[in-house]
Amino acid sequence: MSLKVTRFCNPGGNRIGVSTAMNPSPKAEGSSQIPVKTYDYPYFDRLGALMKPRLIRPVGHDAGRPLLIILHGLTGYKEEPHLEALADMARSIGFATLQTDLYGHGDCGGSFYDHTLRKWIAQIRWLIHQVRSQADYPKIFLGGHSQGALCALLAAAMEEGSVAGVIALAPALRIPEQARKGTLFGLHFDPQNVPPEISVWGKILSGAYIRDAQTVYAEDAASYSGPVLFVHSDTDERVPIEVSEEAAKQYKNAQLVTLHGDTHDFDRHPDALTEAVQTWLLKQK
């Protein structure tokens, strides 16, 4: 398995968010790699949706460690194999991890039908605020896949001083543009007369998703000045690698790692994915 690394500029200073410590009760202990403590934090977000973030910290080093918040994509969920592999790797190098299902997915409240990009962005920002106000994490990183990567980048731009870096895995950055053109998810529709609902990979999604996406501009995320890692396969069947190639050139401090022969979900060569992310995280840590 081979990969190509492209660096678009020199690493800059990280953005740091410091907050006070929290003391929840652990739910469980143990990990396939290292001893960990697991904490669940069910709460209602500002949208009224019940979220169930799961925080996992390596045992013995709870205070002052960096945190990686991991976000799934459209139709995804927090325990997808490639996201679990990413979380295991991060903990093995001293990071705490927080995984959560986002609005309308997995065990989060709301319905898939009613979810939108802005609802996801609002939830990500709320997570950042919660972590900063309740825990002692000197650096908070966002890691998102596909639609989750799009929303992570936009949230980071809005929370510039609180996010130390972003990992964008096969980011679906063309969703807003395609919504405006009427070519979203391989479908064709009149963007001026959005259908009441559409079918996306066997699931029904409200037309409100399209109207919301039409008002989002992915390029606005490029105002984020912290370090960004793009990881993309040159055989991605859903989001072409050109998306990351173009985006990486727009960011002030971006690096692109190209994986060869993998899928959109990185299920052929997960070790190559985690190796690329680990190398980058160790430099930021």
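Values quoted throughout were computed directly from the atomic coordinates according to the rules given, and no laboratory measurement underlies them. Small disclaimer: the values here were computed from a predicted structure and weren't measured. FYI the Cβ positions are ideal-geometry reconstructions off the backbone, even for glycines, and counts take in every protein chain you see.
Of note:
- Listed residue pairs exceeding 29 Å between alpha carbons, taken from Lys78/Lys203; Lys52/Lys249; Lys249/Lys285; Lys249/Lys283; Lys119/Lys181; Lys181/Lys283: Lys52/Lys249; Lys181/Lys283
- Compactness of segment 213-260 is given as radius of gyration and Dmax, 11.5, 34 Å, from Cα positions.
- Label point at Glu237 placed 7 Å out along Cα→Cβ; residues across segment 179-222 whose backbone nitrogen lies under 18 Å: 185-187, 200-203
- Once backbone amide H atoms are built at 1.01 Å from N, Val36 has Gly30, Ser31, Val59 as its partners under 5 Å, excluding neighbours fewer than 5 places away on the same chain.
- Fraction of antiparallel bridges per DSSP, the chain only, in percent to nearest 5: 45 percent
- Hydrodynamic radius (Kirkwood) for segment 88-211, which is based on Cα pairs only, to one decimal in Å: 15.8 Å
- For segment 62-140: relative contact order, % (alpha-carbon pairs under 8 angstrom, 6 or more apart): 37 percent
- When you work out D = kT/(6 pi eta Rh) for segment 144-285 at 20 °C and 1.002 mPa s, using the Kirkwood radius from C-alpha pairs as Rh and the Stokes-Einstein form, the result is 135 µm²/s.
- Positive-end ranking of Tyr224, Pro171, Ala87 along the dipole of the chain, with charges on Cβ about the Cα centre, is headed by Tyr224.
- Remark: the Ser111-Thr75 segment gains 11.8 nm on full extension, using 0.36 nm per residue and subtracting the alpha carbon distance.
- Convex hull volume per residue for segment 146-221, taking Cα atoms only, in Å³: 91 Å³
- Least to most buried among Ile210, Ile34 (fewest other Cβ within 10 Å first): Ile34, Ile210
- In the chain, the C-alpha radius of gyration followed by the widest Cα-Cα span (Dmax) gives 17.9, 57 angstrom.
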